[in-house]
Amino acid sequence: MTDTASRELPLQEIDEVIIRFAGDSGDGMQLTGDQFTSISAALGNDLSTLPEFPAEIRAPQGTLAGVSAFQVRISDFDITTPGDAPTVLVAMNPAALKAQLHNLAQGGALILNTDAFNDRNLEKAGYASNPLDDGTLDDYRSYPVPMSQITRDAVAEHGVKPRDAERSKNFFALGLISWMYTRPVEPTLEFINTKFRGREQVINANTAAFKAGYNFGETAEIFEAHYEVKPAPLAPGEYTNVNGNTALAWGCVVAGQLARLPVFLGSYPITPASDILHEMSLKKNFGVRTFQAEDEIAAAASAVGAAFGGALAFTSTSGPGLALKGETLSLAVSLELPMVVLDIQRGGPSTGLPTKPEQADLMMAMYGRHSESPLPVVAPRSPADCFDIAIEASRIALKYRTPVIVLSDGYLANSSEPWLLPDVDELPDIGVEFATEFNGTNEDGDGIFLPYLRDPDTLARPWAIPGTPGLMHRVGGIEKEDGTGNISYEPENHQLMIDLRQAKVDGVDVPDVEVAGDAHADLVILGWGSTWGAIDAAAGRLREDGFEVAHVHLRHLNPLPADLGEVLRRYRAVVCPEMNKGQLCDLVRAKYLIDVEHIGKIDGVPFTTGEVTSAVRKRLEELAGS
Amino acid sequence: MTDTSITPTTQPGDWASDQEVRWCPGCGDYSILTAMRMLMPSLGTEPHNTVFVSGIGCAARFPYYMNSYGVHGIHGRAPAIATGLAMARPDLDVWVIGGDGDMLSIGGNHLIHALRRNVKIKVLLFNNQIYGLTKGQFSPTSEIGKVTKSSPMGSLDAPFNPLAVALGAEASFVARTHDMDRQHMMDTFRRAHEHDGAAFVEVFQNCNVFNDGAFEGITKKQNRDANLIPLAHGEPIRFGADGEFGVIDESGCARVVHTADVSTDELLTHDETKHDPSTAFMLARLARGPFEPTPIGVFRAVRRSEYAMASTRQLAAAQEKQGTADIAQLLRSRGTWYV
Ligand SMILES: Cc1ncc(C[n+]2csc(CCOP(=O)(O)OP(=O)(O)O)c2C)c(N)n1
Ligand code: SF4
Ligand SMILES: [Mg+2]
C-alpha cells in the first residue's frame, strides 16, 4: 500500500470536495467523518463539518428515522461553511440513500454499499423498486461496492464472529475514501490503535477493513481517477479542530482562569446543549464544579447562589430551558450578580426539532422576562468564535455584574472548523475586585457598606461575597433602595432603579461595527450568529460575479454597537438572513426606524451559501434596475 | 443542651439587622427570629460566614432581619439557590428559610432534591398551614376541607406531611419544633447546625391573621403535656405530665398507649441514628394533624456523604490525576497540527 496507485490512475488536482457519509445510526458514520476530517486537517486543508444526528436514539435499524450523516468539506482555499450540496455521497444502506440523495449535487458521485440493498432494507426505506437498477441514479456517477461482503472476508482471519464482522465496514468506507482523496494511511492506523486500545481483535478487524477499503480503490477497476486537494493558505500557526459546544465549554473554563475565579455550571441535560455540561464536567482539574440540577429553574438558581458566593457562574440550556429560567434571570437582573446563560438554540416551539438549529430565541433572550429586565446578549458567529464569545460574555457579566445570554445554536454546536490556537498570554484579563471595605458612612460617621452604591463609570454595584468581615448585607428581588439596597416601595426610587438597570446595560462597552466587503456598496447584508459562514461565502460569490456588497455581522445584540444605525443608514438596502421570522429585523427597525428586509428560513437546516446568494442577488438586481 | 466549649464572640444583638421587622404583630415568626438570634452566638460562627437564603412568603422575609449575608430569592427556589452557594462555598454556614407553600408547593421539587443530595444546608420550614403573604389561601399542608378565599366550599386537597416528605426524600436529618417553645427551637436548630449534611426542620408556626390557633391544640402551654411527645435519643418514648402515655410499635404502626397498660420494654426506644427510616416515618405519621399527640424533636440524624465535600474531593482527585489548570494544554487536548 503506497501513496501512489499501482494501476497508474490519473491523479487529478481539485480545489475542494464535499463528502457526506450517511448510514444507519449504528454504522459509525460520525466516527468515520471525524477521522477523515482529522487527516485532512493535518494535511493543511481548510475544512468545515456538519454532523446530522437522528432525533431518536435507537430508531429501528435500516429506517429513514435512523439515518445519521456527517458532511465534511475540504478545500485548498479559505472556507466558512460545510458547503451547500455534497459532491460525494457515501450511502451505507437504502435508507441513507433515500434520506440523502436529494442533497447530492447534480452529477455527484455515489458510493453505495450494494450488499445492503436487499428486499428487506429496500422495503424499510420505502423503495418500491431497487434504485440501483431502476434509473433513479441515472443523473449521478454511481460506484457500487459490496462493502459488507469485502469487509466480512477481510476480517474473517481475525476470528471475529460473523455477527460482528460487518461492524468494521465504516472503516472500509474510510479506507476507500482515503484512497480516493490520497489521504495518508498512517494517521488512521494510529487512530485505530489508540481508540480501541486493549481490544486486539477490534483493532485487527478495523485495520483489516480499512486496508481492504484502500486497496479496493486501487485494484477494483471502477474508478476513473483519484484526487488530491492541496493545503489551503491558512495563517501559519498551531491548529486544532473543535466544534462550537466544545469551544464554548473551553471558553467558560478559560474565562474562570482569566478572571481568577472558580467556575460553577448549573445545568439540566437538553439537546443540543448537553455536551457543554459533559465537557465541563471533565474539567474538574480546573476547579470547575458542575451541578446537574433537577430542572432548568434549579440550574439557573444554583448559578445565582454560586455567583453570590463569588464564583464565575454559568448555566447552559436550549430554548425550552431558557423559558423556564426566565424568572430566575429576572432575579439575577435585580440582584445585579454576574452570570452567563448559554442558550444553544434549537427548532421549536415546544420540543420542535430538538436536533436542528434555529435562531428564534432572540426575542426571548431580549425580552422573555417579566417587567423591564434588560440584560446583555451576545452571539458567536462560528464554532471557533464560541471560545471567544464565552470569554466576552464572562467579561461583560463580571464587569457590569449582570446576567448575560449567549445565543449559539445547534449548527454551531456540532459543526467544526480548524481553529488557530490563540496565544494564551494574549487572552484578556477579565478579573474584577471583590469589595472588602466600607464604601459609605452613616449619620454617626461610622463606616457602612452600601451594596447598591454604583461605580460611576460602569454603574456596576460592588460585589461583596460572604466571608468578608463587616460587609454583611442582604439582597433580594424586592425593589431596593438606590445605594443601601434596603427594601423600598418608593415610586421615585423604583423609577430610578428601573432607569439605572437599563442605563447599565445600555452602557456596556461594545465595539463599533465592522463592515466586511465593499463598504460603499448599495446593499449591506446584516447578520448575527451562525449565519456568518453562509453570508460571508455568499458575499464572496456575489463579488466574484461583479456585484458590490457589504456585510455587517453582529456579535453583540444587546446593546447593539453604538454606530449601527449610522452605518446601516449609509445603504440603500439592508437585508437580513435569519433562521426565524425576522427577529433581528424587528429589533433594528424598532430601534433605528430603518427598513431591514428579512430573508427567512426555518426548516431546521442552516442557510446554504446558494440560498443567501440568490436571495441577495435578486435584491441587488432590483436595486441596479431601479 | 448548651454547648459550653464555645466562647461567644457575638451577642444576640449583633445578629439583628437594622431593618424594621414587618410581620403582623403576634405572628409566630417573631419568636422563631428571636430563638435564632439568641442561638447564633453560641454556635461558634460569625455573621460574615453565615448566609440566610429564602424564597418568597412571610417566612421568607427572615433573611432581612438577620445581620448576616442574605438572599431573598424567588418563590420556591431557595433550596436550589442555596445548593449552588453551598457547593461554591462549602466554608459557609447556609440556612434556608421558607413557608409551607414556598417549600412544599412551588418549591417541592427543589426541596426533595436538596435533601436527597445531602448538601450542607439547614432548611427551616415555617409551617403555618396557610399562604400568609398572599392573604390566606389553603396551602399544601392545610387540612382537607379547609375553607379559605380560594376554597369557599372547603379545600379538596389532601395535605402533605412535611416530615414524611423529607424522610421519603432520604433526608439525613429530620426534626420538628414549634414557635411556642424557644428553648426547644434553639436546641433543635443547634442540632441541625451541627449536622454534616442537609438538615430539615419543620417549625409549627402560628399565623394569627389567616390561620390563628392552628397548632393551639398541641402547643399551648396547658395542652403540651398531653399532646407533645418529646423525642429523646436512646430513651423510651413517653409523654404526659407524669409520663403516663407512651408509644409502641404495633405491627409497623406507631400507637399511643397508657404506660400502665404495657411493660416498659414494650415502649418504643427512640433511635435517631437508625439508618432504616421506617421507624422515623411511622413516628412522623403518628398524629393525623395538630390536634392529637404529636412527636417533636429530632426524628432522624444519620451520617451520609455530604454533597459539597464530595464534589470538592472530586476536584482534588481530578487535579491529582490530570494536573492543575493549564490553558495551553487544554487547547491542545484534542490534538493539533501546524500550518
Ligand atoms: C412565581 C410566584 N408565584 C406566586 C407568588 C405569590 N406568592 C407569594 S408568597 C406565596 C405563598 C406564601 O405561602 P407560604 O410559602 O406558606 O409562606 P407564608 O407567607 O405562609 O409564610 C405566593 C403564592 C410569587 N411571589 N411568585
Ligand atoms: S400573615 Fe400570618 S404569617 Fe404572615 S406575617 Fe401575618 S401573621 Fe405572620
Ligand atoms: Mg405558609
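Of the conditions (1) open to solvent by less than 50 Å² (accessible area, probe 1.4 Å); (2) touching a strand residue (DSSP E or B) at 6+ places or on another chain (Cβ under 8 Å), A:THR402 satisfies every one except a single condition; which number is it?
Answer for A:THR402: the failing condition is (2).
Which of (1) under 20 Å from A:PHE36 (Cβ atoms); (2) touching a residue at least 24 places away in the same chain (Cβ under 8 Å) does A:ILE203 not meet, given it meets every other one?
Status for A:ILE203: all satisfied but (2).
What number of residues in segment B:177-215 are open to solvent by 10 Å² or more (accessible area, probe 1.4 Å) and under 26 Å from B:MET309 (Cα atoms)?
Total satisfying the criteria: 7.
Could you give every pair whose Cβ atoms fall below 7 Å, whose first residue belongs to segment A:417-441 and is within 11 Å of chain B (Cβ to nearest Cβ), and whose second residue is open to solvent by 40 Å² or more (accessible area, probe 1.4 Å) and part of a loop (DSSP other than H, G, I, E, B), counting only separations of at least 6 or pairs across chains?
A:LEU420/A:ALA235; A:LEU421/B:THR336
With respect to B:GLY217, determine if the residue is farther than 19 Å from B:LEU124 by Cβ and touching a helix residue (DSSP H, G or I) at 6+ places or on another chain (Cβ under 8 Å).
It is true that B:GLY217 is farther than 19 Å from B:LEU124 by Cβ and touching a helix residue (DSSP H, G or I) at 6+ places or on another chain (Cβ under 8 Å).
Given the residues B:PHE200, B:PHE210, which is the only one that is aromatic (Phe, Trp, Tyr) and outside any loop (DSSP other than H, G, I, E, B)?
Criteria check complete, one pass: B:PHE200.
Scan segment A:68-90 and tell me whether some residue there is touching a strand residue (DSSP E or B) at 6+ places or on another chain (Cβ under 8 Å) and either in the same structural domain as A:THR609 (by TED's automatic domain parsing) or among the basic types (Lys, Arg) (or both).
Yes, the conditions are met somewhere in segment A:68-90.
Quick one: in segment A:308-331, which of the residues that are within 8 Å of chain B (Cβ to nearest Cβ) and within 18 Å of A:PRO462 (Cα to Cα) is surrounded by the most Cβ atoms within 10 Å (Cβ to Cβ)?
Selected residue: A:ALA313.
Restrict the check to segment B:166-174 and report whether at least one residue is within 16 Å of ligand 2 (Cβ to nearest atom) and within 14 Å of chain A (Cβ to nearest Cβ).
no
Restricting to segment A:100-149, name every residue that is of a type in the set (Val, Ile, Thr) and at pLDDT 95 or above.
A:ILE111, A:THR114, A:VAL145
When you check B:GLY98 against the structure, is it closer than 24 Å to B:VAL298 by Cβ and within 16 Å of ligand 2 (Cβ to nearest atom), yes or no?
Criteria met by B:GLY98.
Please count how many residues of segment A:83-103 are under 16 Å from A:GLU16 (Cβ atoms) and in contact with an Asp or Glu (Cβ under 9 Å, 6 or more places away or on another chain).
Residues that pass the stated criteria total 3.
So, in segment B:1-41, exactly how many residues are open to solvent by 60 Å² or more (accessible area, probe 1.4 Å), away from chain A (no Cβ under 14 Å) and hydroxyl-bearing (Ser, Thr, Tyr)?
Within segment B:1-41, residues that are open to solvent by 60 Å² or more (accessible area, probe 1.4 Å), away from chain A (no Cβ under 14 Å) and hydroxyl-bearing (Ser, Thr, Tyr) number 5.
Quickly run through segment B:203-235 and pick out the residues that are away from ligand 1 (no atom under 16 Å from the Cβ) and either at positive phi or within 14 Å of another protein chain (Cβ to nearest Cβ) (or both).
Within segment B:203-235, B:GLY234 is the sole residue that qualifies.
Given the criteria of a type outside the set (A, V, I, L, M), touching a residue at least 12 places away in the same chain (Cβ under 8 Å) and within 16 Å of ligand 3 (Cβ to nearest atom), does B:GLY26 qualify?
Taking the combined requirement at face value, the residue satisfies it.
Is it the case, given these coordinates, that B:ILE97 is within 9 Å of chain A (Cβ to nearest Cβ) and either within 12 Å of ligand 1 (Cβ to nearest atom) or assigned to a helix (DSSP H, G or I) (or both)?
Spelling it out, it is not the case that B:ILE97 is within 9 Å of chain A (Cβ to nearest Cβ) and either within 12 Å of ligand 1 (Cβ to nearest atom) or assigned to a helix (DSSP H, G or I) (or both).
Here are some residues: B:GLY44, B:GLY108. Which one is out of contact with any Lys or Arg (no Cβ under 7 Å at 6 or more places or on another chain), open to solvent by 10 Å² or more (accessible area, probe 1.4 Å) and either within 16 Å of ligand 3 (Cβ to nearest atom) or within 12 Å of chain A (Cβ to nearest Cβ) (or both)?
B:GLY108
List, please: which pairs have Cβ atoms under 6 Å, are six or more places apart or on different chains, and start with a residue in segment B:48-63 that is of a type outside the set (Phe, Trp, Tyr) and end with one that is within 13 Å of ligand 3 (Cβ to nearest atom) and open to solvent by 20 Å² or more (accessible area, probe 1.4 Å)?
From residues that are of a type outside the set (Phe, Trp, Tyr), the pairs are B:GLY55/B:HIS75; B:ILE56/B:HIS75; B:GLY57/B:LEU133; B:CYS58/B:LEU133.
Suppose the filter is without any contact (Cβ under 8 Å) to a residue 40 or more places away in the chain and either within 13 Å of chain B (Cβ to nearest Cβ) or open to solvent by 10 Å² or more (accessible area, probe 1.4 Å) (or both); does A:SER334 pass it?
no
From the list B:LEU115, B:LEU133, B:LEU124, B:LEU92, exactly one residue is more than 16 Å from ligand 3 (Cβ to nearest atom), farther than 16 Å from A:GLU294 by Cβ and in contact (Cβ under 8 Å) with a residue 12 or more places away in the chain. Which is it?
Just a single option satisfies the conditions, and that option is B:LEU92.
Determine whether A:PRO466 is within 13 Å of chain B (Cβ to nearest Cβ), closer than 24 Å to B:ASP326 by Cα and in a loop (DSSP other than H, G, I, E, B).
No.
Which count do you get for residues in segment A:52-69 that are open to solvent by less than 50 Å² (accessible area, probe 1.4 Å) and touching a Ser or Thr at 6+ places or on another chain (Cβ under 7 Å)?
4
Return only the number of the condition from (1) within 16 Å of ligand 2 (Cβ to nearest atom); (2) open to solvent by 30 Å² or more (accessible area, probe 1.4 Å); (3) not polar (S, T, N, Q) that B:HIS233 does not satisfy.
Among (1) within 16 Å of ligand 2 (Cβ to nearest atom); (2) open to solvent by 30 Å² or more (accessible area, probe 1.4 Å); (3) not polar (S, T, N, Q), the lone unmet condition for B:HIS233 is (1).
When both residues are 6+ apart or on different chains and their Cβ atoms are under 8 Å apart, which pairs have a first residue that lies in segment A:529-547 and is surrounded by fewer than 21 Cβ atoms within 10 Å (Cβ to Cβ), and a second that is of a type in the set (S, T, N, Q)?
If the second residue must be of a type in the set (S, T, N, Q), the pairs left are A:ARG541/A:THR609; A:ARG541/A:THR613.
The values are calculated or read from the model by the stated rules, or taken from the named source; none is laboratory data. Just so we're clear, the structure is a prediction, and the values are computed from it rather than from any experiment. Using ideal geometry, Cβ is built from the backbone for each residue, glycine included, and neighbour counts are taken over all protein chains shown. Surface accessibility is based on the protein's heavy atoms, side chains included, excluding ligands, DNA and RNA. Shrake-Rupley method; radii C 1.70, N 1.55, O 1.52, S 1.80 Å.
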